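Novice: Handing you this structure, nothing more for now.
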Amino acid sequence: MALYPWLVVLILFGMTFIQTGHCQSVTNGQCCGSCVAGPQGPPGIPGNNGIPGNNGVPGNHGNPGRDGAKGEQGNSGTMATATRNVQQCSWSSMNNDADFGKIVECPFNKASSTSALRLTWNGDLRVLSINSCKRWFFTLNGAECSHPAPIEGIMHTNGVANMIIHRVSTIDGLCYNLPAGPVTVALNVGACAENRGSGDAYTGWNSHSRIIVEEMEIN
């Protein structure tokens with residue numbers, strides 16, 4: 001019979017717990033029933049930055065813009081003219097009877113160190129002898145052209161003695177690798193490479209003769 005008193009005590013204790021118990025919602029943390037909410041806790045530690053997302057898909061090209069307004073008419077320009085550095089020296093009836101040495105010279109001022117000079121002689125030449133050869137050639141500041149080669153012309157006779165034939169002749173060529181600055185271009189006369197006697201040379205008989213010097217940019 002002593003078991004019944006203990007059973008009554010347990011029943012009374014359970015009823016008291018049901019009336020005064022505490023509970024809290026697992027979903028939102030709100031109190032349910034007769035529970036009492038405690039004070040708010042301190043803020044939590046900030047979380048780390050998230051991983052950057054992938055690049056987005058490029059957008060479509062936009063429509064072409066409208067044409068702008070027409071601009072004002074510009075001022076009239078001036079017509080450009082190309083300049084050439086050319087020098088001509090001419091002589092009338094020089095009648096030079098020299099067989100060796102300088103005949104005439106023509107001064108020139110070369111503007112560029114990368115340009116070439118074109119040298120041209122036009123005038124009367126003559127050699128008098130049965131079998132002889134004479135050579136007319138250009139020099140620049142006293143030296144013959146070496147790039148690419150001397151600028152020269154020869155006249156050879158092999159015929160009747162004392163046959164006087166004057167011929168208009170042209171000697172022409174380009175010379176490279178010359179520095180800029182003053183250049184004295186000279187026409188000279190002398191023996192040919194194969195010496196065939198000392199013929200009688202004559203330059204510029206009874207006519208106009210000329211040397212033309214032209215500076216040229218060669219690509």
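The values are calculated or read from the model by the stated rules, or taken from the named source; none is laboratory data. Model, not experiment: these values are computed from the prediction. Positions of Cβ are backbone-derived with ideal geometry, glycine not excepted, and every protein chain shown enters the neighbour counts.
Novice: Which members of region 163-194 meet the condition of being part of a loop (DSSP other than H, G, I, E, B) and touching a Ser or Thr at 6+ places or on another chain (Cβ under 9 Å)? Give the steps one after another, and end with the answer.
Specialist: Initial filter on region 163-194 (part of a loop (DSSP other than H, G, I, E, B)): 163-166, 176-180, 192-194.
M163, I165, H166, Y176, N177, L178, P179, A180, C192 - these are the residues of region 163-194 that are part of a loop (DSSP other than H, G, I, E, B) and touching a Ser or Thr at 6+ places or on another chain (Cβ under 9 Å).
Novice: Kindly indicate whether any position in region 186-204 is closer than 21 Å to G101 by Cβ, among the aliphatic types (A, V, I, L, M), out of contact with any Asp or Glu (no Cβ under 7 Å at 6 or more places or on another chain) and modelled with pLDDT of 95 or more. Break it down stepwise before answering.
Specialist: Taking region 186-204 as the starting set, the residues that turn out to be closer than 21 Å to G101 by Cβ are 186-204.
Subsequent filtering for residues that are among the aliphatic types (A, V, I, L, M) retains 186-187, 189, 191, 193, 201.
Applying the additional criterion that residues be out of contact with any Asp or Glu (no Cβ under 7 Å at 6 or more places or on another chain) yields 187, 191, 193.
Next, only the ones that are modelled with pLDDT of 95 or more stay: 187.
Scanning region 186-204, I find at least one residue that is closer than 21 Å to G101 by Cβ, among the aliphatic types (A, V, I, L, M), out of contact with any Asp or Glu (no Cβ under 7 Å at 6 or more places or on another chain) and modelled with pLDDT of 95 or more, so the answer is yes.
Novice: Another question, if that's okay. I'd like to check something: does region 131-138 contain any residue that is of a type in the set (S, T, N, Q) and in contact (Cβ under 8 Å) with a residue 60 or more places away in the chain?
Specialist: yes
Novice: Mind counting the residues in region 142-183 that are closer than 16 Å to G123 by Cα and among the polar types (S, T, N, Q)?
Specialist: Result for region 142-183: 2.
Novice: Within region 198-209, does at least one residue satisfy the condition of being surrounded by fewer than 11 Cβ atoms within 10 Å (Cβ to Cβ) and within 16 Å of K110 (Cα to Cα)?
Specialist: Initial filter on region 198-209 (surrounded by fewer than 11 Cβ atoms within 10 Å (Cβ to Cβ)): 206.
The next check asks that each one be within 16 Å of K110 (Cα to Cα); those that pass are none.
Looking through region 198-209, none of the residues is surrounded by fewer than 11 Cβ atoms within 10 Å (Cβ to Cβ) and within 16 Å of K110 (Cα to Cα).
Novice: When H156 is evaluated against the numbered criteria (1) more than 42 Å from the chain's Cα centre (by Cα); (2) within 18 Å of A98 (Cβ to Cβ), which criterion, by number, is the only one it fails?
Specialist: (2)
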